[in-house]
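The block underneath contains the structure these notes are about, expressed in structure tokens.
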Amino acid sequence: MSELPEPLVRDCLYNWLGYGSLDSPYWFIGIEESLYRWEGFNNVDDVEDFLRLRREFGLTEDFKQVWEEKHGFALEKFSGPSTWRFQAVFMMTLEDPSLLEESSATLGRRAKEYVFENKRLGRRGGDSLTGEFFPLPKSLDTIEPYDHIWKSEAAYHREVIPGREHLLTDAIEESNGVRCIVSYGNTNTNPTPEVLLNHYPSEKVETLVSTERSTSYELYKLTVDDDSVHLIHTPFFGMGQASYAEVARAAGHYRNMG
């Protein structure tokens with residue numbers, strides 16, 4: 001692939017936050033998208049095609065519409081692990097706490113149906129928004145294929161964090177319905193918890209789930225324009241750092257708080 005046009009890349013830095021609606025009560029903010037495998041995309045052959053579509057996005061988009069109509073990808077064909085499945089488990093357990101009795105394997109199958117068959121995550125008019133803090137899809141711990149623009153991942157982060165912080169906090173303050181923000185990933189490259197806890201008056205409420213193998217699920221309360229918005233900081237949703245059962249327990253505990 002030839003070098004990505006810098007104007008195209010820069011047009012995608014601050015225009016899009018996630019799939020869903022700002023008024024959705026539950027937001028999931030990840031770190032960044034991985035580079036996708038382009039097999040099965042009718043309208044996308046490489047990351048340049050992907051960014052040309054992304055450049056036209058608004059602040060929020062409909063998950064199903066983007067993937068099936070703009071990307072030309074049939075969601076039923078999606079395979080492999082996905083952070084979206086963990087988000088689905090959280091949402092499903094809020095709706096139906098009896099899922100706490102299910103195994104992780106069963107929760108994973110149900111989550112696949114929720115996201116890729118029933119297509120309920122990140123929909124216009126739905127109850128979830130799923131987005132990313134950093135705007136560009138790339139591989140973990142590398143700046144490629146944007147190394148002709150930034151010398152390192154750290155340089156990229158230094159440039160975009162202030163603008164992405166404004167984008168996220170402005171969106172929170174514009175929302176008429178956000179109640180809870182789930183930030184998944186306890187790494188040095190996940191700025192969301194620190195950004196929000198420093199930007200708003202905040203206090204730690206409690207630990208929702210404590211686990212020996214990974215970071216606990218911590219609940220905070222943010223004060224946003226005299227209203228309360230909860231922040232849940234969790235382990236990364238994938239790569240062996242979280243289980244579906246743990247996510248279900250965190251959702252169930254949060255639900256029981258009223």
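The values are calculated or read from the model by the stated rules, or taken from the named source; none is laboratory data. On a predicted model such as this, the values are computed, not experimentally measured, just so you know. Heads up, the Cβs are rebuilt from the backbone with ideal geometry, glycines too, and the neighbour counts pull from every protein chain shown. With ligands, DNA and RNA removed, areas are computed over all heavy atoms of the protein, side chains included. Shrake-Rupley method; radii C 1.70, N 1.55, O 1.52, S 1.80 Å.
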Residues to consider are SER34, SER21; find the one that is of a type in the set (Ser, Thr, Tyr) and crowded, with 19+ Cβ neighbours inside 10 Å. SER21
Would you check which residues across segment 222-237 are out of contact with any helix residue (DSSP H, G or I) (no Cβ under 8 Å at 6 or more places or on another chain) and open to solvent by 60 Å² or more (accessible area, probe 1.4 Å) and list them? ASP226, ASP227, SER228
Those residues of segment 38-58 which are outside any helix (DSSP H, G or I), touching a residue at least 40 places away in the same chain (Cβ under 8 Å) and open to solvent by 50 Å² or more (accessible area, probe 1.4 Å), in sequence order: ARG55
Within segment 134-234, considering only strands (runs of 3 or more DSSP E) that don't extend past its boundaries, which have at least 1 residues that are under 15 Å from the mean Cα position of the chain (by Cα)? 180-184, 227-234
Any residue that is under 29 Å from ALA111 (Cα atoms), out of contact with any helix residue (DSSP H, G or I) (no Cβ under 6 Å at 6 or more places or on another chain), in contact (Cβ under 8 Å) with a residue 60 or more places away in the chain and not in a loop (DSSP other than H, G, I, E, B) - is there at least one of those in segment 238-251? yes
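Is there a residue in segment 159-170 that is surrounded by fewer than 18 Cβ atoms within 10 Å (Cβ to Cβ), out of contact with any helix residue (DSSP H, G or I) (no Cβ under 6 Å at 6 or more places or on another chain), over 28 Å from ASP226 (Cβ atoms) and not small (Gly, Ala, Ser)?
yes
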